[in-house]
């Protein structure tokens, strides 16, 4: 009996060590490596490269800021509008909006750029085929539009989440006192959404700065810092310059990170409810405005996905498009083993991420271990740091002894796992907070150890959260590009990277096919897990 | 009648939650809707406030048919159970919010608001946020906000249920006092019969979406018209064999009474509740004030029971 207790104690300590060490080694250490690479040359402090960049390439900074500010403004305004439209809408419209948000969430990030080329490129369906123009539509506005379109869904999800935390009685009270829909939106909804607006604007800003795929695909001659870092790495193999640019990109990210951490603590207080229907009547000028903005957004998304679908199933002969499955056959050559690899990586990252997230939640919220706050802080950082920053960090950190991970599958899996960890740890913390101290104390009261609490209470009670966490990480890994693009060796490509490559080399039809395949896989997994979740909930009640 | 509701019916997914309910309230009267949870009382309130559309029925307030008016156009104010205060606005901004929709300028509105806050004993709290107030104070802000636009009808949805027992008593009499002062027609929803009895001019008892009894409080207690009224209100002894019932206070110790045995007794502070066994095997309960000379379990006592017949009740 005593032995078992002793073993359980050791196991507990072992788990704690794994968490502490893995987060410090696989998140903090790579970040520090990038800083070191950027600011030290041959072991001594040297910021010449940084100075050089700031003096000679200040235009890139300007370009990045221009794009980021515009994308932030557009996607924040549209996301808030769609969120409010969602609030006023009935169940059916809400379902459609949910579906659209889900569809974009499970698509690779540069699907928007691909459809932009399909529609407005040199041989674009709208510009060339309908209007007979051969335009150069590559440039800043293309980037801004496509980035915004890509960010809107994610932002909108945050907005509807915040809206569901508003007590419906607040809105009823306002109406009761004579406020019409316009007044309720102006006086109640928007002021209550202010912290959310700040969060989504800041996150969009940072993501836009870090995004190199959109400018790389549709930027044409228009370069940003992110593309420059990407090119430094891929075309010139200049890791110091790439590090320097990423360090510059890191500064706003850090700033956003601090505000994000502060706000997230404030917003977790209220419980989310399902938004009531018919909470506001569908009239008034503000309602009309958000309605039209939302309809335009929905229209764009529909066009976007139709264009990918059409492009996957058609080919052009003498300027005329015809239906064919040839694209699928052609795609086979590019993806022989990639999809299996993508799925396996995503499964590993999904399962390990979910477990690690719950463990962080348990040791942080229930055990309240020392330094756990710091560990959680570090674990959340990948949420805002640029993907390429994280990727370069991994190259620098794990190339030498004792790791020697360069070019292995392990480094890729570790990278995606820790890049997605912020989602998982957030869900894990929520799960831990749902468990009452009475339940935990009962285990101990009946003779259980801390390890028994974890095994018999925390893990079984967090099953739903584990599922959600898994589906999240799986999807994120299936669609990621940024952090792993420098880590994957040519023979070991994953689906998103192949898609990125074929689009860059102009094979848009093949790109569309791969996009559809990725979407199908993530959709299947998400629907599967949603069904499991629903069944579990039915069984419980 | 100042407020007249006729044939109000509301269904959710084919489940009838309010079934063909008609009633009226005189001007300045306080009506309490009383009933167990799920009886439809809150739905009636929502229908009156304009937050749910009834499937059938009519609502006439001060001679105007408001059945199809949206919430914002009804001269009706609701104080919600969770108050629904605007968390991002100060107390005074909460209170005067409704005034801007009837065209009152900010300066004038503030004056009215401060007057109103005085009436609910909240002077000096104007610039605080709702989250800085206690539950009782938040409740007062909600009442002040509801009254400031001088509505014709005030609706209170279990307004005291989030407060502790002592504060509940205090606010109950405050609400009654304010209601009298403003002479405002009020509907007060509760599941607490003591609350209903102490505050209401009239009580409407509901169960499963139906109106069970509509009467003055004393009448509801003393002359229940249905088995449900009898059961739900107060405590009661049944003698099924002889089809009769008695309230606990209709049983009293008296030497001329029937001999019974004390089966159990429980001490409740001001009163003691006894369970007695009659010679024909019926158990009955009674209460007596906590004065000297309590009986012990097993002791023989004499008591008189005033029975009423059960068959005059519906159902």
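The values are calculated or read from the model by the stated rules, or taken from the named source; none is laboratory data. Treat the numbers as computed from the prediction; the structure is a model and nothing was measured. Note: ideal-geometry Cβ built from the backbone for every residue, glycine included; neighbour counts use all protein chains shown.
General observations
- Residue match in segment B:160-172 (condition: in the same structural domain as residue B:29 (by TED's automatic domain parsing) and touching a strand residue (DSSP E or B) at 6+ places or on another chain (Cβ under 7 Å)): no
- Boolean, residue B:205 is surrounded by 15 or more Cβ atoms within 10 Å (Cβ to Cβ), more than 14 Å from chain A (Cβ to nearest Cβ) and in a strand (DSSP E or B): yes
- Residues of segment B:95-122 classified as at the interface with another protein chain (Cβ under 9 Å from one of its Cβ atoms), buried (at least 18 other Cβ atoms within 10 Å of the Cβ) and more than 15 Å from residue B:50 (Cβ to Cβ), total: 2
- Failed condition for residue A:133, given (1) farther than 18 Å from residue A:296 by Cβ; (2) assigned to a helix (DSSP H, G or I): (2)
- Only residues that are within 18 Å of residue A:278 (Cβ to Cβ) and in contact with a strand residue (DSSP E or B) (Cβ under 7 Å, 6 or more places away or on another chain) were counted across segment B:12-49, and they come to 9.
- Evaluated against (1) under 30 Å from residue A:286 (Cβ atoms); (2) more than 14 Å from chain B (Cβ to nearest Cβ), residue A:196 falls short on exactly one condition, (2).
- Selection of strands (runs of 3 or more DSSP E) fully inside segment B:1-89 by the criterion of at least 3 residues being crowded, with 16+ Cβ neighbours inside 10 Å and out of contact with any helix residue (DSSP H, G or I) (no Cβ under 6 Å at 6 or more places or on another chain) returns B:3-12, B:15-25, B:56-61.
- So residue A:220, is it out of contact with any helix residue (DSSP H, G or I) (no Cβ under 6 Å at 6 or more places or on another chain) and under 30 Å from residue A:507 (Cα atoms): yes
- Checked against (1) in contact with a helix residue (DSSP H, G or I) (Cβ under 9 Å, 6 or more places away or on another chain); (2) within 17 Å of residue B:5 (Cβ to Cβ); (3) away from chain A (no Cβ under 11 Å), residue B:92 passes all but a single condition, namely (2).
- Conditions (1) under 23 Å from the mean Cα position of the chain (by Cα); (2) outside any helix (DSSP H, G or I); (3) within 13 Å of another protein chain (Cβ to nearest Cβ); (4) modelled with pLDDT of 90 or more; number of the one not met by residue B:141: (2)
- All of (1) under 18 Å from residue A:485 (Cβ atoms); (2) part of a loop (DSSP other than H, G, I, E, B); (3) at pLDDT 90 or above hold for residue A:242 with one exception: (2).
- Search result, residues across segment B:230-250 that are in a loop (DSSP other than H, G, I, E, B) and touching a helix residue (DSSP H, G or I) at 6+ places or on another chain (Cβ under 9 Å): B:233, B:234, B:235
- Criterion violated by residue A:100 - all others in (1) buried (at least 19 other Cβ atoms within 10 Å of the Cβ); (2) in contact (Cβ under 8 Å) with a residue 12 or more places away in the chain; (3) not in a helix (DSSP H, G or I) satisfied: (3)
- Residue-level check: of (1) surrounded by 14 or more Cβ atoms within 10 Å (Cβ to Cβ); (2) over 30 Å from residue B:16 (Cβ atoms), residue B:241 misses just (1).
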